[in-house]
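J.: Here it is: the structure, laid out below.
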Amino acid sequence: MSRNKWIILILVLVLGVVVLSACSQSTPEVVEKVVEKTVVVTQVVEKEVEKTVVVTEVVEKEVVVTPTPQPEPVTLRFYSTTDIPTLDPQIAEDVVSINMIENLFVHLTNYDLETAEIIPETATSWDISDDGLTYTFHLRTDIPWVKHNPVTGETVQEVDADGNPRFVTANDFVYGIKRACDPNLGSYYSSIIAPLIVGCEDVLNAEDPENIPQELIDAIGVEAPDDATLVIKLNFPASYFLSMTPMWTMAAVPEWAIDEYGDKWIEAGNIVTNGRFVLNEWVHGVRRTLLRNPLMPEDMYGTGNVEKIVVSVVPDVSTGYALWLNNEVETSGIPDAELQAHLEKYPDETVQVPDLAVFYFGFRETKPPFDDPRVRRAFSAAFDREKFVTEVRQGQGLPMKHFAPPGIFGAPPIDEVGVGFDPEFAKQQLAEAGYPNCEGFPTVTLLGYSGQATLNWIEFAQQQWQEHLGCSPDVIQIEQQSFKELLAATSAKTPDEEAPHMWTLGWGPDYPDENNWVGDVLWCENPGNRMKRECTEADDLIVQAREETDPAKRVEMYRQIEELFFGPEGEMPMAPLYLRIAYVAQHSWLTAPRALFGGEQFYNWSIDQAAQMAAMGK
Amino acid sequence: MAALLEVKGLTTQFFTQDGVVHAVNGISYQLNEGETIAIVGESGSGKSVGDMSLLRLIPEPPGKIIAGEVWFQDRDLLQISDDEIRQIRGKHIAMIFQDPMTSLNPVLTIGHQIMEPLQLHLGMDKNQARKRAVELLEMVGIPGAATRLDAYPHQFSGGMRQRVMIAMGLACNPQVLIADEPTTALDVTIQAQIVELVKSLKEQIGMAIIWITHDLGVVAGLAERVLVMYAGQIVEEAEVHELYKEPHHPYTIGLLRSVPRLDMGKSKRLIPIEGLPPDLIDLPPGCPFAPRCEYRTEKCLEENPPTESISPTRRVACWNWETVIADIKEKGGIYA
Amino acid sequence: MTRYIIRRLIVSIPVLFAIVLFTFAVVHALPGGPFSTVGEKAMPEHIRLIMERRYGLDQPLYIQFWNYLKMLASGDLGPMMRMPSQTVNDIVYQTWPVSIQLGSLAVILAFAIGIPAGILAALKRNTWIDYTATFTAVLGVSINNIVLGPLLILIFGVWLKVLPIAFWGAEPPWILGFLPKPTWNFWTHAVLPVVTLGTAMSASIARLTRASLLEVMMSDYIRTARAKGLKERAVIIRHALKNSLIPVATILGPLLAGVLTGTFVVEQIFALNGMGRQFLMSIEQREYFLLSSLTLIYSIMLVLGNLMVDIMYAWLDPRIRFD
Ligand SMILES: Nc1ncnc2c1ncn2[C@@H]1O[C@H](COP(=O)(O)OP(=O)(O)OP(=O)(O)O)[C@@H](O)[C@H]1O
Ligand code: SF4
Ligand SMILES: [Mg+2]
């Protein structure tokens, strides 16, 4: 009896579940929907200034009978593996932030997606003085400062104290650039622009950062003779300065909003922006949503059709890739473990994205036996980069013989400068250094950062050095540490006894010029001189090239510098290995020209919405 | 006298991994109204299984009542429905168990446990049941009864707990009280108190009692009739004084010898029965007592003696009981 | 009991203090600090020093710790050094409710399934119900979160497409500061993570309940209850159940610790913005204040959880008295 009751109960439960789930699926006629209506209203404000208000009304929970009359906004969905650390252009220093800022703020100039050239954005044109020290930018003045209200969906142009609508002016750039010189922001990129702009470094390095004298700030070489003209003065004729002007660090920011909200000025509802998109939602650690800025001048929209951007936060690429497989995001990285399967299954939905990061082994030049350049040359030349890229990187990269990759101004053609892989040369160099066939070679340390990928890399190196130099793997002690630990261990300040002989690192460009490579990484006077290089002829050339105004001459000088470092007679402070190119999963309905520098320009991305909807089963 | 309860051929077995345990092997007896009988026997002889079978309280599986009838109020308790037997349990036939330490539920209050049968069988509401529970506790001699209703079993001593068990058993004024070694776990003075308590309660209430024990010493002052069990069988039945005076079964004699007696001189030692009871899984074909019996003959090993009625009040299961009596007479008593 | 609880709470203060001190010391001892790197580059020395001074990181450790304690005393869990528009209080407000919701739902599920399943298996011992339940339980105990999560995602998310494969269905602002809005969206998103976290727990509860109930059903007082003429259902519910839950309560302590560590994994698998993820991030990024505060919160939750277990234990078993 009681058993029967149980069975009946279970049956009822099961039936209930089936019925419920059936209900939840089979009611497509009535859907709860959030519908957005765009209504353009022209309002007359007290001061009799015409103000344009565009209302994106969010009508909540309206019951709509299919077929939906309102089209869904064209939506780009992707993910990041962290929350946005900041939306403050002067503070941003990571890809996640910079990608958002690129689309929320206009910048002084822009990178052309195809050529990486500098093209107009806020500045429609510019003049460079003959001595190369004064840059004058001519700005357009029709870009409004706007504020988006996430609750009402309204995007409203900002007005000043007198009720006048605010447009982006040269003064906003002056404020932004001067702000970038403020050491209290703690921004890495301050130190990239500071050496160039007159007076900027004085502020950045001010003795008492808490009380920076006003004279110092006033002395920064940035001026706005009028709203449409921005003048920037340089310390030396750095011809690569122009390549820095699309940077977020030099973007205009709304002084009044920053004054009003302090650190919180970047939160949704507070933030005042001037870009192609507005911040509609920022659920910290979960998601942010951007909507197209309806007040942006027509011609600035870009070539894309994306109207809404939803970026979710996921813990890692594996989760992101699962979302991609499930058609919940348009594009995703591919976890190493899935790469082969992906390439086989989705050859048409794979794109190769270079990020111009070059990876290398650094050598401690003061720590024997690596104080001998022949030893360094031997270790560099004994590494088969081609094989490494194919076998270990599964094809995701290009072998490098010198430091700066193609796409960087001044970088020599990829296969022209540097020894690269040459086992004969390697053997001979090691023998000349007194270690024929690695005999008598002392035990040395190789420090890599943690993770399986790096382990594969350094184990491959061990094999290579055994095969081509005869150094037993026991001679190369490998160790792995977290990134911060590795940076601490290889710092120039770490004494030689504690520092490793060799380490793995990579360098990605801040701006597309050779100076950012040999100048910012290898230059002997860099504070972060991990190799502990002594100054040489190459360093004189680095300083000269920095100030040379003739582009052709600069190209030649950088070729010489790379040769001095990586040629057969080269100093070889590091062994450049490969340029990273990542395979990225990307659905066929997305057209996404990637940015080599700066943030991704989502306003130039397009989506075939019909295909996207079909894949989502809508 | 009309039999209140009549047991016929009750057989209970346990089906275990090691084999079938023949715990109770066709026992028959009857209990008259208001009468007290005692069932004695060594540990493992099937006393508890036998009495629990009456109310079908054998854990099933592994146990199973294989055969028999238990007649009570013109019904065979082994045949009636589950609901009907539950009506009998606690109401008409109550049981109290061996170990008062473990027989009370540790997480329920004493009051709750006593009130349960009152509410269940007598349809009392909470207040009535509570009142009655206090009376019952007073009746079994628990001081401060009203205040102790909300106490938990662990707050009582062993003797007090057995009093609680008795109060619980008597809650519904049952016609039969089965007391399964209610004093075994208690120390001697407490044992005597409990025996006295039961005696006086019987006088007040007048229920019939089946008193199970392995201690013949307790039986004398309490029971009118005694059943002796060995290896799941009743080997002897007699009125108390008859049994003490003239035991017929060699096992009964052994039992009597092992009971300490006040009138026993210092010189007389207790004589335990030698050997061990038989393995109930693998019962030998003959008399189960044969391996330990000094009167054993050929026949004993071949055939199990039936329980014969040898007088209106006596039964015995022994091929050689007459020889036994003669022998004892000749020796001048069982202690000789 | 109240006195016991108060005493336990007072005693736990130095323990919490020691835990926080220890964490504080350990994270500060890790090489590198919050400002030593920028993505994959080193932060310029000069700026690093300024930022470290701003957050008092240049002070001796004991002063930093003292300042942190003062901050805690005023209800401030500290700043987010690398995310200046947020504070640790903000992060806790965003993430703590997610972890708590996940953990509590999993515990509720574990009990709601584990106990009835255990009872059913025990009562229907050696029938197909018992075998099915026992087999499922063995499976459930031995399968790891890390395996079960992706498996469920694959089956219900990718193949059947009936449940979402990632994210939590509720966000701030919370009801009463920590409760989700119980929307359809919330429940559908909760199913897989909660099942992932709750399965192993419910399986061990089921197994323990079964074993313990079987043992209890053999006990003398159950026989007593039956001898009273009680219905089998009353015997089980009133007499057996509470007793059989006592051993179950004893594993609650370790179970709670398991839930805490489990949320780490499950938050990771389902991309939930819970405390676990912030915890891992805070170690990586050397967000000292966040890390110390999260450790403190985890410890407080463990202390309270264990206290709750004790209270429950005392409630189940009158023989136990904490005085
Ligand atoms: N649940 C059970 N499973 C298997 N065998 C059992 C079970 N219960 C009792 N037995 C067996 O039945 C036989 C009789 O046991 P019973 O408890 O009736 O003995 P007893 O005469 O009451 O002994 P005691 O004086 O120790 O109470 C014993 O051999 C015992 O091992
Ligand atoms: S039948 Fe035989 S063995 Fe059994 S008791 Fe009688 S004499 Fe002893
Ligand atoms: Mg017994």
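J.: Picking from A:Met502, A:Met613, A:Trp465, whose Cα lies most toward the positive end of the charge dipole for chain A (charges on Cβ: Lys, Arg +1; Asp, Glu -1)?
T.: A:Met613
J.: When the Cα centres of segment A:139-170 and segment B:269-336 are compared, how far apart do they sit, in Å?
T.: Cα centres, segment A:139-170 to segment B:269-336: 114 Å.
J.: Let me ask something else about it. I need the fraction of alpha carbon pairs in segment C:12-117 separated by more than 21 Å, rounded to a whole percent.
T.: Of all Cα-Cα distances in segment C:12-117, 54 percent exceed 21 Å.
J.: Output ³J(HN,Hα) for segment A:84-98: one whole-Hz value per residue in order, computed from phi by the Karplus curve 6.51 cos²θ - 1.76 cosθ + 1.60 with θ = phi - 60°, and x for Gly and Pro.
T.: So the J values, rounded to whole Hz, are 6, x, 7, 10, 7, x, 6, 9, 4, 8, 9, 4, 4, 5, 5.
J.: Further question on the same structure: Looking at this model, which pairs from B:Lys8/B:Lys245; A:Lys401/A:Lys532; A:Lys427/A:Lys493; B:Lys202/C:Lys124; A:Lys345/C:Lys181 are more than 30 angstrom apart at the alpha-carbon?
T.: The pairs that break the limit, which is 30 Å between Cα atoms, are A:Lys427/A:Lys493; B:Lys202/C:Lys124; A:Lys345/C:Lys181.
J.: Another one. Could you state the number of Å between the C-alpha centres of segment C:22-37 and segment A:374-418?
T.: For segment A:374-418 versus segment C:22-37, the Cα centre distance is 35 Å.
J.: Regarding segment A:350-581, what is the average projected area of its C-alpha convex hull, in nm²?
T.: 12.0
J.: How high is the FRET efficiency between C:Phe135 and B:Asp215 when r is their beta carbon distance and R₀ equals 56 Å, given to the nearest 0.05?
T.: After rounding, the FRET efficiency stands at 0.70.
J.: Round to the nearest 0.05 the FRET efficiency obtained for A:Asp226 and A:Cys535 when R0 = 60 Å and r is the Cβ-Cβ distance.
T.: E(calc), rounded to 0.05, equals 0.85.
J.: Which FRET efficiency, nearest 0.05, do B:Leu276 and C:Asn185 yield, Cβ-Cβ r, R0 60 Å?
T.: FRET efficiency, B:Leu276 to C:Asn185: 0.25.
J.: Note down the nm distance, to one decimal, between modelled labels 7 Å out along Cα→Cβ at A:Val543 and at C:Asn67.
T.: So the label points at A:Val543 and C:Asn67 sit 3.9 nm apart.
J.: Something else about it: Contact order normalised by length for segment A:350-581, with contacts defined as Cα pairs under 8 Å and 6 or more residues apart; what percent is it?
T.: Worked out over segment A:350-581, it gives 37 percent.
J.: Next up: Could you tell me the extents of the protein assembly as shown's C-alpha atoms along the three principal axes, largest first, rounded to whole Å?
T.: 146, 87, 58
J.: While we're here: Can you list which of the chymotrypsin sites (Phe, Trp or Tyr not before Pro) found in segment A:574-618 are DSSP loop residues with at most 15 other C-beta atoms within 10 Å?
T.: Within segment A:574-618, no chymotrypsin sites (Phe, Trp or Tyr not before Pro) qualify (loop, at most 15 other Cβ atoms within 10 Å).
J.: Can you pull the accessible area of A:Arg580 for me, 1.4 Å probe, Å² to the nearest 10?
T.: Approximately 60 Å² of A:Arg580 is accessible to the 1.4 Å probe.
J.: Along Cα→Cβ, 7 Å out, is where each label goes; now give me the distance between the ones at A:Leu216 and B:Asp327 in nm to one decimal.
T.: 12.1
J.: Another one. Do you know the relative contact order of chain B, to the nearest whole percent, from alpha carbon pairs under 8 angstrom that are 6+ apart?
T.: Rounded, it is 19 percent for chain B.
J.: Further question on the same structure: When every alpha-carbon pair in segment A:503-618 is counted, what percent end up more than 21 Å apart?
T.: It works out to 54 percent of all Cα pairs.
J.: Please give the direction-averaged projected area of the C-alpha convex hull for segment C:1-65, in square nanometres with one decimal.
T.: 6.2
J.: Just round it to a whole percent: the fraction of Cα-Cα distances in segment B:2-117 exceeding 20 Å.
T.: Beyond 20 Å sits 49 percent of the P(r) for segment B:2-117.
J.: Fully extended, how many nm does the chain gain between A:Val95 and A:Ile414 (0.36 nm per residue separation, minus their Cα-Cα distance)?
T.: 112.3 nm
J.: Then there is this: Does anyone have the angle between helix B:110-122 and the longest principal axis of chain B? Alpha-carbon axes, 0 to 90°, nearest 10?
T.: Long axis of B:110-122 versus the principal axis of chain B: about 90 degrees.
J.: While we're on this one: Over all distinct Cα pairs, what is the inverse of the mean 1/r for segment C:76-159, reported as the Kirkwood hydrodynamic radius in Å?
T.: 16.3
J.: Take every Cα pair under 8 Å in chain A that's 6+ residues apart, average their separations, divide by the length, and report that relative contact order as a whole percent.
T.: Relative contact order for chain A comes out at 17 percent.
J.: Compute the normalised compactness of segment C:200-323: alpha-carbon radius of gyration over 2.2 N^0.38 Å, N being the residue count.
T.: 1.46
J.: Calculate how steeply helix C:2-29 sits against the longest principal axis of the alpha-carbon atoms of chain C, using the helix alpha-carbon long axis, and give the answer as 0 to 90 degrees to the nearest 10.
T.: 40
J.: Quick one: what do you get for chain C if you divide its Cα Rg by 2.2 N^0.38 Å?
T.: Against the empirical 2.2 N^0.38 Å value, I get 1.20 for chain C.
J.: By how many nm would the segment from A:Glu497 to A:Asp127 grow when fully extended, if each residue of separation counts as 0.36 nm and the alpha-carbon distance is taken off?
T.: Contour length minus Cα-Cα distance gives 128.0 nm.
J.: What is the list of residues in segment A:550-591 whose amide nitrogen lies under 17 Å from a point 7 angstrom out from the Cα of A:Val351, following Cα to Cβ?
T.: A:581-591
J.: If you don't mind, another one. Tell me what chain A gives for mean residue ellipticity at 222 nm when only DSSP H runs of n ≥ 4 count, each as -39,500 (n - 2.57), the sum divided by the residue total, rounded to 500 deg cm²/dmol.
T.: Theoretical 222 nm ellipticity from helices: -7500 deg cm²/dmol.
J.: Need one number: convex hull volume per residue for segment A:444-515, Cα atoms only, in Å³.
T.: 130
J.: So, one more: Tell me, what is a quarter of the convex hull surface for the C-alpha atoms of segment B:1-61, in nm² with one decimal?
T.: 4.7
J.: Okay, moving on. Distance between Cα centroids, segment C:225-248 to segment C:250-277: provide it in whole Å.
T.: Cα centroid of segment C:225-248 versus Cα centroid of segment C:250-277: 34 Å apart.
J.: Another one. Rounding to the nearest 10 and keeping the result within 0 to 90°, find how far the Cα-based axis of helix B:158-170 lies from the longest principal axis of chain B.
T.: It is inclined by approximately 80 degrees.
J.: For chain A, take the alpha-carbon Rg, divide it by the Kirkwood Rh, and send me Rg/Rh.
T.: My calculation of the ratio gives 1.03.
J.: Looking only at other chains, what is the average number of their beta-carbon atoms within 10 angstrom of each beta-carbon in C:264-276?
T.: Other-chain Cβ atoms within 10 Å of each residue's Cβ, averaged: 3.
J.: Sticking with this structure for a sec: Considering only DSSP states other than H, G, I, E and B, which GluC sites (Glu not before Pro) in segment A:328-429 qualify as loop sites with at most 15 other Cβ atoms within 10 Å?
T.: For GluC sites (Glu not before Pro) across segment A:328-429 that sit outside H, G, I, E and B with at most 15 neighbouring Cβ atoms in 10 Å, the list reads A:Glu416.
J.: Now, a different point. For chain C, what does the helix formula give at 222 nm: sum of -39500 (n - 2.57) over DSSP H segments with n ≥ 4, over the residue count, nearest 500 deg cm²/dmol?
T.: -23000 deg cm²/dmol, from helical runs alone.
The values are calculated or read from the model by the stated rules, or taken from the named source; none is laboratory data. What you see is a predicted model, and the numbers here were worked out from it, not measured in a lab. FYI the Cβ positions are ideal-geometry reconstructions off the backbone, even for glycines, and counts take in every protein chain you see. In case anyone asks, the SASA skips ligands and DNA or RNA and just uses the protein heavy atoms, side chains included. Shrake-Rupley method; radii C 1.70, N 1.55, O 1.52, S 1.80 Å.
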